[in-house]
Every structure is written in C-alpha cells, then in structure tokens.
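Q: I'd like to ask you about the structure that follows.
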C-alpha cells in the first residue's frame, strides 16, 4: 500500500485523485490518497502534516515546497532521491525536467548554503514565479499607456486605477499572518529594492535601511490602493478576485493563469503578462516556489514510494495534469506538447514570459535554513502589525529582527 497526502484546492492533487486508479492498474500496487484542507496543510507550524508523517500509517509520499521542506528535512522526514532517480525506469527521463527546477530542490542541509548543491530532496511537479499580470483596458481607463516598469511606477499606477476606475482597486495582494504573505509578491519587491532577509554575518536584516524603505513603500501602497480587506486575503480569494476583474494589477504567482484564463474567468483572454518591476536601483528579482513530491524517510516501502513518484511525475502524467490546470509545467515535453501550446497561445505572452523569468531571473530568494518557516511567520506578522500601526513600523521591524535572531537553528546536513 502506497500512501500519498496533499492539500485540497490544488490542481495537481485533484489530478492525482482523478487518475490514481491508473497507478494501481499499471503497477499492481494499491494506493490511498489523503487530502486535507490547504488552510491546515500550509501553516506556520505544519502541524497537520507533521503529525501524520510518523507512525505505522505514515504517508510514503507527500507534497511540499522549499521552506516547508527545509523544516521537514530538519526533522529527518525527507529522503534524498539521487539513488532513486539515477536508477529510474526506462522512459522516466530525468533530463526532461527544466534544470533550474531540479537545482532549487538540491540542498546540502547546512544553514545558509546556496541551493543547487547537495542531495536532491524533491521532484518538482509544478512551479511558480511572481510575474506582473495586468488588465490593459483598466490601465487605459486610468490614462496609462504602458505597464509599470518599476515598483515606484507600479504603486503609482495602482493609485491611478483606484482613483479613476469605479469599483476597481489598484492591485491585488494576498495577506494574512501566514508565512507566505512575505514569500510571494512582497519578497519579489523586497529583494528588488536591494534588501535581503539576512546579512553576511547571518543576522536578520529585515530592519535594514533598504528593508525599511521596501516595507514602508509596500504598506503605504496597500493602504492607498490595495485590497480594502487587507490583511485578510487567502491566495485563492486573491486569484478569484483578480479573475473577476476587481483589480488592475497583481504581482503574485504566475500559476494563477489557470484561474485568469479558466472557463469561469471574467477576464479570460484580456490579461497581459510581463516581468515584475525593478527596484530603485534597477534590480529585478523574482522569487519562486516549486510544489514537489517528497519521499518520507519514515516510509515503510521506499521502492513502492518511488514507483508512485515516477508515475506521478512522469511526462505523460504531468502533461495531462497541466491540461487539467496544474501550472506551471516542470517538464520541457509539456511545454512542447501541441495541446498545451494551443491552450497557452491565447494567454497574451504568458508562456514566453514565465519561461524567460525562469531562465534569467527567478530564484528561491530566502536563505535556506530549517527554521525559515518561523522566520517567515514572524516577518509576516510584522507586516500585518506595521500595516495597522504605520508610525511604529521601524520599531516593529527592529523587534522582529531581534526575535528572528533568537530562533534556535540546526544544521541538518548529517541527516541527509
């Protein structure tokens, strides 16, 4: 019996659920799928997932991503995959994966070591970077002829839209006290300002002058032309609201294209896609994320677990999943697929823009460490607190940096 666990509201997990009988028919191996609420799965503590990853009925394979996986690797719940992928079945073709996506899932386990070296810890099944999506017609109504090229222009354009287009806010922005509030569009802006999470000595830099400027500009813009309900914005709400035409601009996950270009979208075929803006010094950074398959170290049958991973990350499966809404494809064969190219051809440059970002700009910006979820949770709470009390923003960031520096750290290289 192979056990797989993943979150709801996820197109990939929906594809697995839809086709899991195929795995059983192909392999003769029985499989079960446990789906838990995404709001419980993607949390600051990961308690709902961590509580299931040990014990007699622990899942063999689960879905994770960079910062979550770093924490779980620190708890010895991530099995290195080099031996398995080196001995993969004929036709699996590891070389078909976009190489950048395998690189960001290699890590030594040592705090602050760059990604791209060390064991392969996950197999990517979708990825996202943070592009600029916008509605040209709303920019025109606001008297703007071009999409904003800089973050200063982005925030100014958002203000113009909010002031001049009835019933529309300037820019969509997710925001809660959850870790991914800092990870997505905000991180892309923050690093583009020349700011960073940690300095060269390993101390928190979220209160540095560049960080204070980036955070202040961001929160001022949210108040002026962002969501009126901020900081109450789940990613799914943000995606659906933009697809309903309630915003002019968004810098967030480019896999939102599945919502923006989906059959129920009010803006289908009318969204344009381009690179995220540059910061004050001309720097453009684009954070990225991969949803990936992880083998649980506690799996009772790792060979069966690998057979499931092979099936669920094969070219055939991932191409089919992409056509069912699983964005963005991680294999070149999917991007080359005629049906996928036909679907993407009507998305106003989305495919070309996303691949160009991946190949030139996108990277996982946060500093790798097992405790990063705790870092991000403190940081996201600081954004919420600073939004509510702008006068105290600098002190809030100083205190947050101090709290981050007190977090216990752990070198997990030996466990990998």
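Where a number appears in this text, it was derived from the coordinates with a stated rule and is not lab data. Just so it is clear, the model here is predicted, and its values are computed rather than measured. In this analysis, Cβ positions are derived from the backbone assuming ideal geometry, glycine residues included, and neighbour counts consider all displayed protein chains.
Q: Between residue 399 and residue 149, what is the spin-label point distance in nm, taking each point 7 Å from the Cα along the Cα→C-beta axis?
A: 4.2
Q: Could you tell me the relative contact order of the chain? Use alpha-carbon pairs under 8 Å, at least six residues apart, and round to a whole percent.
A: Worked out over the chain, it gives 27 percent.
Q: Still on this structure: Quick one: length gained pulling residue 415 to residue 200 fully straight, 0.36 nm per residue minus the C-alpha distance?
A: That pair, residue 415 and residue 200, stretches by 74.8 nm at full extension.
Q: Expected output is a single nm value to one decimal: the length gained when fully extending between residue 352 and residue 406, i.e. 0.36 nm times separation in residues minus the C-alpha distance. What is it?
A: 15.1 nm
Q: To the nearest whole percent, what portion of all C-alpha pairs in the chain is separated by more than 32 angstrom?
A: In whole percent, the share of Cα-Cα pairs in the chain beyond 32 Å is 34.
Q: Then there is this: With N set to the residue count of segment 76-178, report its C-alpha Rg divided by 2.2 N^0.38 Å to two decimal places.
A: Rounded to two decimals, the normalised Rg is 1.68.
Q: Quick one: compute the contact order of segment 234-301, relative version, from alpha carbon pairs under 8 angstrom and 6+ residues apart, as a percent.
A: 21
Q: Based on the mean of other beta carbon atoms within 10 Å per residue, what is the order of 142-152, 393-403, most packed first?
A: Packing proxy ranking, top to bottom: 393-403, 142-152.
Q: Right, here's the next one. Using the Kirkwood formula over every pair of different C-alpha atoms, what hydrodynamic radius in Å results for segment 249-336?
A: Roughly 16.0 Å, rounded to one decimal.
Q: Could you tell me the extents of segment 129-221's C-alpha atoms along the three principal axes, largest first, rounded to whole Å?
A: Its Cα atoms span 48, 24, 24 Å along the three principal axes.
Q: Oh, and also: Please compute the contact order of segment 129-287 in relative form: average sequence separation of alpha-carbon pairs under 8 Å and at least six residues apart, divided by the residue count, as a percent.
A: 42
Q: Between segment 191-214 and segment 271-333, how many Å separate their Cα centres?
A: 28
Q: So how much slack lies between residue 298 and residue 332, counting 0.36 nm per residue of separation and subtracting their Cα-Cα distance, in nm?
A: Computed gain between residue 298 and residue 332 is 9.1 nm.
Q: In nm, give the distance between the simple-model label positions of residue 114 and residue 232, each being 7 Å from the Cα along the Cα-to-Cβ direction.
A: It is 4.4 nm.
Q: Helix-only estimate, please: 222 nm mean residue ellipticity of the chain, summing -39500 (n - 2.57) across DSSP H runs of length 4 or more and dividing by its residues, to the nearest 500.
A: -12000 deg cm²/dmol
Q: Still on this structure: Packing-wise, with mean Cβ within 10 Å as the measure, how do 60-66, 37-43 rank, highest first?
A: Top to bottom by mean Cβ count within 10 Å: 60-66, 37-43.
Q: How large is log10 of I(q)/I(0) for segment 129-287 at q = 0.10, 0.16, 0.19, 0.21 Å⁻¹ when the intensity is taken from the Debye formula with one equal scatterer per alpha-carbon?
A: Values, matching the q order: -0.33, -0.84, -1.18, -1.44.
Q: Which value in nm describes the separation of the simple spin-label points at residue 140 and residue 266, placed 7 Å from the Cα toward the beta carbon?
A: Roughly 1.9 nm, to one decimal.
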